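J.: Below is one structure. I have some questions about it.
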Amino acid sequence: MTSYHVHFSARDGIPDDALLSQVHAFMATQIRDNHALSYRVLRLTNKASFPDLPDFQLIVDYASEDDLQAAFRHMKALYREEPHAPLMRMVSTFRVSFSRDEQPPDPEDEGQIAFGNGME
């Protein structure tokens, strides 16, 4: 799975609940139109050693890098339309990152160490 991470904070004067409602409205269209598999929104409750992190993180999941790129091509065409455009006007800090799930090695693969309970 490939994930798109969006780190963001509300613009001054924008209530968090209004911003989050717009995030969910936008993501509902992405899921409905099969542009994403799933998503979740996290509110950072303790920034620990990263005080400059934005207040929220949106993680959007795609089956593959190709699906992510297809979703981005689609979004590029609709960037200034609803519900994306109003969302962009509601955020101040906006940072992105990308990730890929890493799977444990298959013990059946030649040359791999088998993981077990040590009782074999």
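J.: Hey, in the GNM for the chain with a 10 angstrom Cα cutoff, which one of Q57, Q30, Q69 fluctuates hardest?
T.: Fluctuation is largest for Q69.
J.: Here's something else I'd like to know. Rounded to the nearest 0.05, what FRET efficiency do L37 and R89 give with R0 = 35 Å and r taken as the Cβ-Cβ distance? Could you check?
T.: The formula returns an efficiency of 0.85 here.
J.: Please report, in cubic angstrom per residue, the volume enclosed by the convex hull of the alpha-carbon atoms of the chain.
T.: That works out to 166 Å³ per residue.
J.: Hey, fewest Cβ within 10 Å first, where do D109, D61 land in order?
T.: Details: D109 8, D61 17.
With the sparsest Cβ surroundings first, the list reads D109, D61.
J.: Turning to a different aspect of this structure: Quick check on packing: order 99-105, 1-7 by the mean number of other C-beta atoms within 10 Å, highest mean leading.
T.: Ranked by mean Cβ neighbours within 10 Å, highest first: 1-7, 99-105.
J.: Pick from E81, E108, E65 the residue whose mean-square fluctuation is largest in a GNM of the chain, springs joining Cα atoms under 10 Å.
T.: For the chain, modelled as a Gaussian network with Cα springs under 10 Å, the answer is E108.
J.: Another question about this same structure. Sticking with the crude label model, points 7 Å out along Cα→Cβ, report the distance from R11 to S97 in nm, one decimal please.
T.: Output for this residue pair reads 2.6 nm.
J.: Taking the Cα centre of the chain as origin, sum charge times position over the Cβ atoms of Lys and Arg (+1) and Asp and Glu (-1), and report the length of that vector in debye to the nearest 20.
T.: 900 debye
J.: Any chance you could give the angle, 0 to 90 degrees and rounded to 10, that helix 65-78 forms with the longest Cα principal axis of the chain?
T.: 10 degrees
J.: Hey, could you get me the Stokes-Einstein D for the range 1-63, Kirkwood radius over alpha-carbon pairs, 20 °C and 1.002 mPa s, rounded to whole µm² s⁻¹? Could you put the intermediate results ahead of the total?
T.: Numbers: Rh = 12.7 Å.
Translational D for this selection: 169 µm²/s.
Read the figures in this text as sums done on the coordinates, not as results from a lab. Because the structure is predicted, anything quoted here is derived from the model rather than measured. Counting neighbours? That spans all protein chains shown, and the Cβs are built from the backbone with ideal geometry, glycine included.
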